[in-house]
Amino acid sequence: MSVEIGPVVCSACNMWEIRDMVGVPDDYICRRCVQLQLLADRIERLELRLDSYWSIHDAEKVVDSTYSELVTPQVKGKRTERERVANSQQSSRQTVQESPAVISLLNRFTILDTVEGDGSSGECSSSQVHGTMGGSAAHDGGKKRGRAIVIGDSIVRGIDRRFCGRKRDSRMVCCLPGAKVRDVTERLQNILEGEGEQPVVVVHIGTNDIGKKRDEVLQGEFRELGDRLKSRTSKVIISGLLPVPRASQSRNRRILQMNTWLEKWCKGEGFKFLGHWNHFWGRWDQYKQDGLHLGWNGTNVLGGVFASAVGEDLN
């Protein structure tokens, strides 16, 4: 049996290698590309595990800080009261048996009830809230400044690595999987509770609305969301929708048309608009294999754009 040796072109990288040409398929992929794909799959799995570890770490910080705020003042107040009673008894030389102090016991994990929820229902969950919950702002009369929060659907999951970075005490990402524009409008007050005066609010929403309602209806819902945002802060940033690799050409055209309307609407409302089309169109390597959500590179790009925009407003 003769062996035919010659150059074979890889269909993935368009590079060639010398090998046996017998039985080589038209869509041949070289060994290097196969190894790169295996490595990419391992990196994606590691990303998911890293996101889970960060989420657990952030949830523990929220629980610990809330526990300290709620329990420590009560214990300190009761200790001061006991000391006052003891001093009064000593001065009057009265022997009164002091009743044991009663300390209210609180479950420090009850704070999770406010952040946990079913992802399909569009609630912020502890695994998708990054940064801090801003609880101290609620106790200082709402005077805390310099905070920033990103609110969005599952597209914003994982951007906290770049957006929050080392500023997790003043920045937060609230991910609402499956959420639509109306879901954010209804939950906005609770999400921004305790965020202080004039927080910078970045909203990325609308992907789950495209194709499910007429454009006029969706535009009306955006206007309602804008009114709710303006009643809370003057620092509003609207993020344009991203192209969807797995979507049809007509759906991506509707997304682009909605972005055009959003940019014009933001200009009239005094909002800042962030367009990302040039960052992601045709660059499908920035997405996960599901053709919708962003991978490691994509979340770094989007998180970096948000961080730069928020930095300009805060400065």
* Would you mind checking Lys167/Lys264; Lys230/Lys288; Lys213/Lys235; Lys180/Lys230; Lys230/Lys264; Lys167/Lys267 for any pair whose Cα atoms are more than 24 angstrom apart? => Lys167/Lys264; Lys230/Lys288; Lys213/Lys235; Lys167/Lys267
* Asked: Hey, how many Å between the Cα centroid of the range 234-309 and the Cα centroid of the range 153-198?
  -> 16
* Estimated vicinal HN-Hα couplings, Hz - the range 184-195 in sequence order (Karplus 6.51, -1.76, 1.60; Gly, Pro = x) -> 5, 4, 6, 9, 4, 4, 5, 5, 8, 5, x, 8
* Structure fact -> Any chymotrypsin sites (Phe, Trp or Tyr not before Pro) in the range 249-314 that lie in a DSSP loop and have at most 13 other Cβ atoms within 10 Å would be Trp281
* Asked: Applying the Karplus parametrisation 6.51 cos²θ - 1.76 cosθ + 1.60 with θ = phi - 60° to the phi angles of the range 251-266, what ³J(HN,Hα) value in whole Hz is obtained for each residue in order, glycine and proline being reported as x?
  -> 5, 5, 5, 5, 4, 5, 5, 5, 4, 4, 5, 4, 4, 5, 5, 4
* Kirkwood hydrodynamic radius of the range 269-315 from all distinct Cα pairs, in Å? -> 11.9
* Please give the net charge around Arg254, taking every other residue with its beta carbon less than 12 angstrom from that of Arg254, where Lys and Arg add +1 and Asp and Glu add -1. => +3
* At a 1.4 Å probe radius, carbon and sulfur cover how many percent of the accessible area of the range 231-273? -> 48
* **Cα Rg over Rh - the range 199-258, Kirkwood** => 1.02
* **Ratio of the Cα radius of gyration of the range 156-296 to 2.2 N^0.38 Å, where N counts its residues** => 1.05
* Structure fact -> Restricting to Cα pairs under 8 Å and 6 or more apart, the percent relative contact order of the range 197-244 works out to 68
* Segment Arg283-Asp169, extension gain: residue separation times 0.36 nm, minus the distance between their alpha carbons -> 37.8 nm
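The values are calculated or read from the model by the stated rules, or taken from the named source; none is laboratory data. Since this is a predicted model, take the numbers as computed values, not measurements. Every residue, glycine as well, gets a Cβ built from its backbone with ideal geometry; the counts of neighbours run over all protein chains shown. Just the protein is used for accessible areas: all its heavy atoms, side chains included, with ligands, DNA and RNA removed. Shrake-Rupley method; radii C 1.70, N 1.55, O 1.52, S 1.80 Å.
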